[in-house]
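Contents: one structure, followed by commentary.
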Amino acid sequence: MMNLILIAAPGAGKGTLAKSLKEKYNYVHISTGDLLRDIVKSDDPLGAKIKDILEKGLLVDDELIYEILKKRLSESDCKNGVVLDGFPRNVSQAQKYDEIVKEVGLDLGKVILLDISEELLIKRITGRRLCPDCGAIYNIFNPEICPKEENKCDKCGGTLYQRSDDNEEALKTRYATYVEQTAPLINYYKEKGILSVVDGGMGIDETFEQVKGIIE
Ligand code: AMP
């Protein structure tokens, strides 16, 4: 299975797409944001520091990200194909990733840019609800993925929550960080000839169809 890197502004639908890819192709979904949120929830002394950075919408130190990512990529299931969601976030992370894949014996694979307008992001971010038990992602403004019962997970009955950085204030910083630091990756991967662009403003199924076309 070809490895994939998803690039998109916060709230564009990377997580939802990665979950669909995992279901259909058995990809290993690696979200550096999820790995960081796991550290925040644990009693690791780093948790409080990371929590503060996440809530401000800033980026966590590159070295820490490399450490947790390399650890996860070294696990044997990653040989079946990996979808990276939330990494790389800047050009130096992308350069480092070129080295990491060689070290752990994986292919760089393809890069998919989910292209979406800034206006749509606000709706996607403020409407996002998550299940703490099974990880399902909902959006109260999108009939395609609106929970049937308010605040309750359709799949497992868990009580849905909102991420503490999913508000307009943190989004401003997260979006500015994306434009300044992450968007330059588009050229980085275009020059390598491995970038495909998908319209992230469409429905979930349509987006997935386009991505399937790229993979198959
Ligand atoms: P996400 O779940 O991808 O939206 O990430 C949530 C937050 O985790 C981001 O706003 C950053 O603070 C942090 N984060 C996630 N991935 C990275 C990364 N590759 N480099 C630095 N910070 C990251």
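The set of residues in the range 134-173 being surrounded by 15 or more Cβ atoms within 10 Å (Cβ to Cβ), free of Cβ contacts under 8 Å to residues at least 40 places away in the same chain and acidic (Asp, Glu) consists of ASP154 alone. Which residues, taken from the range 175-198, are within 17 Å of LEU4 (Cβ to Cβ), of a type outside the set (Val, Ile, Thr) and within 16 Å of the chain's Cα centre (by Cα)? Scanning the range 175-198 gives a single hit, LEU185. Of the listed requirements (1) surrounded by fewer than 16 Cβ atoms within 10 Å (Cβ to Cβ); (2) within 13 Å of the ligand (Cβ to nearest atom); (3) part of a loop (DSSP other than H, G, I, E, B), ASP38 misses just one: (3).
Taking the range 141-179, which residues are charged (D, E, K, R) and under 23 Å from PHE208 (Cβ atoms)?
Selection gives GLU144, LYS148, ASP154, LYS155, ARG163, ASP166.
Within the range 162-171, the set of residues being more than 12 Å from the ligand (Cβ to nearest atom) and of a type in the set (D, E, K, R) comprises GLU168, GLU169. A Cβ distance below 8 Å, combined with a sequence gap of six or more or placement on separate chains, defines the contacts here; from the range 80-101, residues that are closer than 13 Å to LEU4 by Cβ reach residues that are more than 10 Å from the ligand (Cβ to nearest atom) and aromatic (Phe, Trp, Tyr) in the pairs ASN80/TYR27; GLY81/TYR25; GLY81/TYR27; VAL82/TYR27; VAL83/TYR27. The residues listed here are LEU59, LEU4, LEU69; of these, the one that is more than 14 Å from the ligand (Cβ to nearest atom) and surrounded by 13 or more Cβ atoms within 10 Å (Cβ to Cβ) is LEU4. Looking at VAL211, is it within 29 Å of CYS146 (Cα to Cα), in contact with a strand residue (DSSP E or B) (Cβ under 9 Å, 6 or more places away or on another chain) and crowded, with 18+ Cβ neighbours inside 10 Å? When the stated conditions are applied, VAL211 passes them.
Taking LYS49 as the residue in question, decide whether it is touching a residue at least 12 places away in the same chain (Cβ under 8 Å) and surrounded by 14 or more Cβ atoms within 10 Å (Cβ to Cβ). For LYS49, the condition - touching a residue at least 12 places away in the same chain (Cβ under 8 Å) and surrounded by 14 or more Cβ atoms within 10 Å (Cβ to Cβ) - is not met.
Residues that are under 22 Å from ASP62 (Cβ atoms): find the strands (runs of 3 or more DSSP E) completely inside the range 109-200 holding 2 or more of those. Quick ask: steps written out before the conclusion?
On the way: elements: 110-115, 128-130, 137-139, 195-199.
Qualifying strands (runs of 3 or more DSSP E): 110-115.
Restricting to the range 8-27, name every residue that is more than 8 Å from the ligand (Cβ to nearest atom), touching a strand residue (DSSP E or B) at 6+ places or on another chain (Cβ under 7 Å) and either closer than 15 Å to ILE215 by Cα or in a helix (DSSP H, G or I) (or both). Within the range 8-27, THR16, LEU17, ALA18, LYS19, LEU21, LYS22, TYR27 meet the criteria.
Yes/no matrix, rows are residues, columns are (1) modelled with pLDDT of 95 or more; (2) farther than 26 Å from THR207 by Cα:
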{"site": "ASN80", "(1), (2)": "no, no"}
{"site": "VAL83", "(1), (2)": "yes, no"}
{"site": "ASN90", "(1), (2)": "yes, no"}
{"site": "GLN93", "(1), (2)": "yes, yes"}
{"site": "LYS110", "(1), (2)": "yes, no"}
{"site": "SER117", "(1), (2)": "no, no"}
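Of everything listed in (1) within 14 Å of the ligand (Cβ to nearest atom); (2) buried (at least 17 other Cβ atoms within 10 Å of the Cβ), the single unmet condition for LEU113 is (1).
Which residue is farthest from the ligand (Cβ to nearest atom), if the candidates are limited to the range 74-92 and must be of a type in the set (Asp, Glu) and more than 18 Å from the chain's Cα centre (by Cα)?
From the range 74-92, those of a type in the set (Asp, Glu) are 75, 77, 85; that's our starting set.
Next cut, more than 18 Å from the chain's Cα centre (by Cα) only: 75, 77.
On the way: GLU75: 18, ASP77: 20 Å.
Here the residue is ASP77.
The values are calculated or read from the model by the stated rules, or taken from the named source; none is laboratory data. These figures come from a predicted structure and were not determined experimentally. Note: ideal-geometry Cβ built from the backbone for every residue, glycine included; neighbour counts use all protein chains shown.
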